[in-house]
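Have a look at the structure below, then the notes.
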Amino acid sequence: MKELLEVNNLSISFTQYVQGLNRHDSKVISDLTIDVKESEIVAILGSSGSGKSLLAHSILGILPYNANVTGEIKYKGQVLNQDLKEKLRGKEICLIPQSVNFLDPLMKVSEQAIGECKNEKEHDEKKVIQREIFARYGLDESVDDLYPFELSGGMARKVLLSTALIGNPDLLIADEPTPGLDVKSVEETIEDIKNLKEHGKGVLLITHEIDVALKTADRIAIFYSGYVIEINNVENFKNADNVLHPYTKALINSLPRNGFKLTEGVQPLDEVPGCPYYENCAIGTDRCGKEKPNLEEHEGAMIRCFNFREANDGA
Amino acid sequence: MSETPWYNRGLFSSLNLRQKTLLTICLTASVLLIIFICGTLINANLPTDFTIKMQPPSFEHPFGTDWMGRDMLIRTIKGLSLSIIIGIGASIISSIIAIILAFIASMNSKCDEFVSWLIDLFASIPHILLIMMISISLGKGAFGVIMAVAFSHWVNLTRVLRAEVLQINTSEYVALSKRFGKSRFWIAKEHILPLVLSQIFVGTLLVFPHAIMHESSVTFLGFGLSPHEPAIGIILSESMTYLAMGAWWLAFFPGVALLIVVLLFDIIGDNLKRLYDPSEANK
Amino acid sequence: MIKINTKKLAKFFGYKLIRLVILLIVIAAISFIMIQMSPIDPVKAYLGQRIVSQEQMAIIGNYWGTNLTLGERVLGWLQTLATGSMGFSLIYRVPVTEVIMQKFTASFILMAVSWIISGIVGFGLGILAGAKEGTLIDKAIKTYCYILQSTPTFWIGLVFLMVFSVYLGWFPIGLSVPIGQLSDTVTFWQWLYRLILPAITLSVVGIASLTMYTRDKLISIKKSDYFLFAQARGESFWGIIKNHGVRNILIPAITIQFMSFNELFGGTILVEQVFAYPGIGQATVAAGLRSDVPLLLGIVLISATFVFLGNLIADIIYKYVDPRIRGEDDE
């Protein structure tokens, strides 16, 4: 399978002024490495508000101007610089946004799906495609003329998905596609995303809902305190023994069906010298407090931990 | 509004916002104070010297001279200090009106409706016209103008205070005070006033530039200070007569000076607002 | 798909009409009392420098009703007002309604022209500054607005007069009608020629607040989610500004512009005085200076109605054009 997206050692930080005096660099994403292949769904799982969305923004080149970015993003083997991002976004790489707030409140949804057109002819052509895709997701013609605020939750979901598909992209980035939806809509959304995979498209799914990630993705990356600490195949998440990182184990054990065991403590906000999970880790050593582990490969998975071997041997 | 305005840039960029703001306030305030003190020290009856009448700006008379040979720079400074006095008077009185009305509005819903209606009423007559009317009814002159400007500029501050007081009045601790049987006046004095003090202060300062501008406007139209007063409005309306003769300096320099004074007050008010507004403090 | 609930609309207008009537009655009464309170003797103010005998002054006083008590005068005036007449103008010697009709038409054109110019230019500059936030263009526009907000309208008029009329000689100094010509015989072009400078002055003053409003609004839209998504969809920067920025700011900006009738009228008074444009502003000043009470009161009422209409239109636009609020209203 062809590699679609490769993100290597991506870090994003913001310069802020605290109390008018002190410049403060706050790191949101640190040393993130991930890849997405054709016909594959990769989920990034992290708590809400932890800055996962910025990965999506970074790939699309829509980060705010005060963001400092290091690292490399490649698309189909080509380095994605700002020019290429601007050329590809909306065409080869598309975003499925979080909520209806991402639509212009004063524009009819069909027009937004069609987007900017150079002339009447292009508009007419795109209108045909738009109708076709809307129809595919069961949105009849009356929906075309609605304003975003008139859409129901499930309908909004489908409109957002259709909008992303108009350009016939190869890579889709779904940013929290299931917030506050009812069970039925969540199931539908999961089906829709899986369906995209059948059509050969790669999907990067950004979510904080473990269930959605487990049901949808082929591989899951665990995002903790700005770091990706583990990337593993979805099958391995069925059992806490098969995942590698102590946090992932704790996370799986916390799922209701595995007995409700919650991890203690919160994710550290400030930069720490050692492993971000050190404070809450059950198997941490002195080294973990002083030194940051790198993301390394282990039997097809990626893991960022010094002690995972010992821990897993003991288990 | 994350960015700093142009006057906070450049030379002082190494300082933080709070320091910069304070520095700007001090600088502008001292400029205004100097103008004010110079103005009060100048004798209102300037020497007239018809041998040097209508002279364009020179080193001797940077702003030129008028039809009676009076130095325009001195007249302008005198006029500005008069404007500042009227501005101070008018903005303080308008703030007092605003405080009283906001207090009345906080009494009960009927009073609140009445105050809202009063705000609508005053906002529905063009400002200049309202000032003209009040000034006429009080017999023009300095008193008339101060009152006129005061009675037409309380609206904004009253709106702000009313909203603020409404919010404080619904808070827990005010409810608690009421249950303890404290009087309305006591609550207003102890709880509300300290919290809205900064709003009042900033509000008063923000009225100031408008007060000065409107004072000069009505005086220019002939409804303000009498032609014997050395006011900027008078100077400018006088200059109209000589405009066709090409005596541009009579109108230009006093106007620019007025503009600068108004701008300085705007800057002070703006900076204070930024300093007090917690939502902007972080930026 | 504009659905307008006629019943609701009728109720809305009925309510507004009642408000207007009450407002006008109160304003009329207060203004009348205020003017009557004035220590300035209207007879003396009217006569100005002219010398007349005691008897003649008494006759005029009698004719004007200055010898009546305040209460009688208020009642008398309100009674005449109720019959639809606003009395006779003392300085123009024709019914007040006639003076106002004539003068207001002239001013209305002046105000309309500058209102439209300042609206278009102000909105354009605001969009430009907002889109180019932080650049030199933005700073230039912002500085311009800052300075204009601190400049008295009449002084800008004076400067324009100095530059364009005295120095460059492009326009006449004052007087809407060339000297020695009756106002009826003025050609359209002569009149238009004299309209330009006052109209520009009034526009220049009106631009500042709208520009700042539009700029701030566009900057907040640039931070919105839908702006981000439009970018992610690959729309071009100016395309987004046009399709989403302008679309979302236009209605509130027009609303703001309609709510500026108050400042517009005030500005007109000053500008007309500077350029000697024979409109409602000049009439106001003349009526005020020479104590033409009926005319002054008539102008106060007409200006209050004018401002009220502006706010009403703003209200209607706000309520019935935005599909979100329109939708809520229909339920």
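None of the figures in this text is laboratory data; all of them are computed from the coordinates on show. This is a predicted model, so every value here is computed, not measured. With ideal geometry, Cβ positions are generated from the backbone for all residues, glycine too; neighbour counts draw on all protein chains shown.
Relative to the longest principal Cα axis of chain B, at what angle does helix B:109-123 sit, 0 to 90 degrees, rounded to 10?
20 degrees
Specify which residue in the list B:Cys26, A:Phe306, C:Ile302 is farthest towards the positive end of the charge dipole of the protein assembly as shown, using unit charges on the beta carbon of Lys, Arg (+1) and Asp, Glu (-1), about the Cα centre.
C:Ile302
Rounded to the nearest 20 debye, what is the charge dipole size of chain A about its Cα centre when +1 sits on each Lys and Arg Cβ and -1 on each Asp and Glu Cβ?
Dipole of chain A, to the nearest 20 debye: 260 debye.
If each residue's Cβ is checked for other Cβ atoms within 10 Å, how do B:Ile125, B:Ile34 rank with the fewest at the top?
Final ranking by Cβ density, sparse to dense: B:Ile34, B:Ile125.
Return the FRET efficiency for the residue pair A:Glu296, C:Lys223: r is the Cβ-Cβ distance, R0 is 35 Å, and the value is rounded to the nearest 0.05.
Result of the calculation: an efficiency of 0.35.
What 222 nm value per residue comes from the helices of chain A, counting each DSSP H run with n ≥ 4 as -39,500 (n - 2.57) and dividing by all residues, nearest 500 deg cm²/dmol?
-9000 deg cm²/dmol
Any chance you could count the Lys pairs in the range C:96-330 whose alpha carbons are under 20 Å apart, treating pairs 8 or more apart or on different chains as valid?
15
At a Cα cut-off below 16 Å, give the lysines reachable from B:Lys178, other chains included and same-chain residues fewer than 8 away excluded.
Leaving aside lysines fewer than 8 places away in the same chain, those within reach of B:Lys178 are B:Lys189.
With the Cα gyration tensor of the protein assembly as shown giving a ≥ b ≥ c as the square roots of its eigenvalues, does the rule (a/c under 1.5 for rounded; else a/b larger than b/c for prolate; else oblate) give rounded, prolate or oblate?
Prolate is the answer for the protein assembly as shown, as a/c is 1.5 or above and a/b outweighs b/c.
Using 30 Å as the Cα-Cα cut-off, could you pick out the over-long pairs in A:Lys27/A:Lys197; A:Lys108/B:Lys273; A:Lys76/A:Lys215; A:Lys118/A:Lys201; A:Lys184/C:Lys7?
Too far apart for the 30 Å limit: A:Lys27/A:Lys197; A:Lys108/B:Lys273; A:Lys184/C:Lys7.
Please state the relative contact order of chain A as a whole percent: Cα pairs under 8 Å, 6+ residues apart?
This gives 19 percent for chain A.
Give the aspartates and glutamates whose C-alpha is closer than 13 Å to that of A:Lys127, dropping any in the same chain fewer than 8 places away, or say none.
Within the straight-line limit of under 13 Å, A:Lys127 reaches these aspartates and glutamates: A:Glu111, A:Glu116, A:Glu141, A:Asp144, A:Asp145.
Can you spot the lysines whose alpha carbon is less than 17 Å from A:Lys249's alpha carbon? Ignore those fewer than 8 places along the same chain.
A:Lys238, A:Lys261
In what order do C:Met259, C:Met162 fall by count of nearby beta-carbon atoms within 10 Å, going from fewest to most?
By the 10 Å Cβ count, ascending, the order reads C:Met259, C:Met162.
Output the 0 to 90 degree angle, nearest 10, between the alpha-carbon long axis of helix B:193-221 and the longest principal axis computed from the alpha carbons of chain B.
It is inclined by approximately 30 degrees.
Please report how far the C-alpha centroid of the range A:176-234 lies from that of the range B:177-240, rounded to the nearest whole angstrom.
Going from one Cα centre to the other spans 60 Å.
Would you mind telling me the antiparallel percentage of the DSSP bridges in the protein assembly as shown, rounded to 5?
65 percent
Using the number of other C-beta atoms within 10 angstrom as an exposure proxy, rank C:Tyr193, C:Tyr167, A:Tyr278 with the fewest first.
In increasing order of surrounding Cβ atoms, one gets C:Tyr167, C:Tyr193, A:Tyr278.
Can you give me the angle between helix A:183-198 and the longest principal axis of chain A, using Cα atoms only, in degrees from 0 to 90, rounded to the nearest 10?
Compared with the principal axis, the helix lies near 90 degrees.
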